[in-house]
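Just below is one structure, and these are the notes that go with it.
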Amino acid sequence: MKIGAQKYSIGLVYGLGAIFVLLAISSLVISLILRFSDMTEHALHTAVTMISFFSLFLGGLVGGGKGKKKGWLLGSLTGVLYTAIVFLVQYLGYNELFTVKQAIYHACYIVAAAMGGILGVNLFSGRSRET
């Protein structure tokens, strides 16, 4: 049992790491686009939302791939931990709670990460299905 929990913990750490690395890189690219072009933040809203969903999906994929089992759980936990971190930064740093719109986005992020976790287990588990 202890080995399984360690494998899940490693999957969660790798999944969260992947999310934050992807979001840091995309934030840098978007800030450079905003700095050196005439685009506004409002014009990039859809792109930022798609990048966020993609990052959470890939984070779930990495977490599920590292955990090898229960991808739905690993992906969901990855999304929940990401949401908790964002909530804590927003609440403790800016003294604001999630709006309804943000709560809906984060619920969808958790679903995207869970779907990534399911796919990650199926792609990277190394088990072959025999029929």
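A simple rule links phi to the HN-Hα coupling: the Karplus curve 6.51 cos²θ - 1.76 cosθ + 1.60 with θ = phi - 60°, which for the stretch 29-45 gives 4, 5, 5, 5, 4, 5, 6, 9, 9, 8, 5, 10, 4, 4, 5, 9, 4 Hz, with x for Gly and Pro. Across the protein chains, with a 1.4 Å probe defining accessible surface, the residues L16, L92 rank L92, L16 from largest area downward. Heavy-atom surface analysis with a 1.4 Å probe gives the chain a carbon and sulfur content of 70 percent of its accessible area. From the Cα gyration tensor of the stretch 70-113, with a ≥ b ≥ c the square roots of its eigenvalues, which class applies: rounded if a/c is under 1.5, or else prolate if a/b is larger than b/c, or else oblate? It is oblate, given that a/c is not under 1.5 and a/b is not larger than b/c.
Please check which bits of the stretch 42-80 a label hung off L34 would reach, taking the label as a point 7 Å along Cα-to-C-beta and the cut-off as backbone N under 16 Å. Backbone N within reach: 42-52.
Heavy-atom accessible area for S31, with the other protein chains in place and a 1.4 Å probe, reaches approximately 60 Å².
Per residue, how much accessible area does the chain show when a 1.4 Å probe rolls over the protein heavy atoms, in square angstrom?
For the chain, the per-residue accessible area is 67 Å².
Pairs of lysines in the chain whose Cα atoms sit within less than 21 Å of one another amount to 8, provided the residues are eight or more positions apart or on different chains. Rounded, prolate or oblate, given the Cα gyration tensor of the stretch 42-102, with a/c below 1.5 counting as rounded? Here the stretch 42-102 falls in the oblate category. Give the shape of the chain as rounded, prolate or oblate, defined through the alpha-carbon gyration tensor: a ≥ b ≥ c are the square roots of its eigenvalues, a/c under 1.5 means rounded, and otherwise the shape is prolate if a/b is larger than b/c and oblate if not. The shape class here is prolate. Of the peptides 54-66, 95-107, the order by per-residue mean of other Cβ atoms within 10 Å, starting with the highest, comes out as 54-66, 95-107.
The values are calculated or read from the model by the stated rules, or taken from the named source; none is laboratory data. Bear in mind the structure is a predicted one, so any value in this text is a computation, not a measurement. Glycine gets a Cβ as well: all are built from the backbone with ideal geometry, and neighbour counts include every protein chain shown. These area figures cover heavy atoms from the full protein model, side chains too; ligands, DNA and RNA do not enter into them. Shrake-Rupley method; radii C 1.70, N 1.55, O 1.52, S 1.80 Å.
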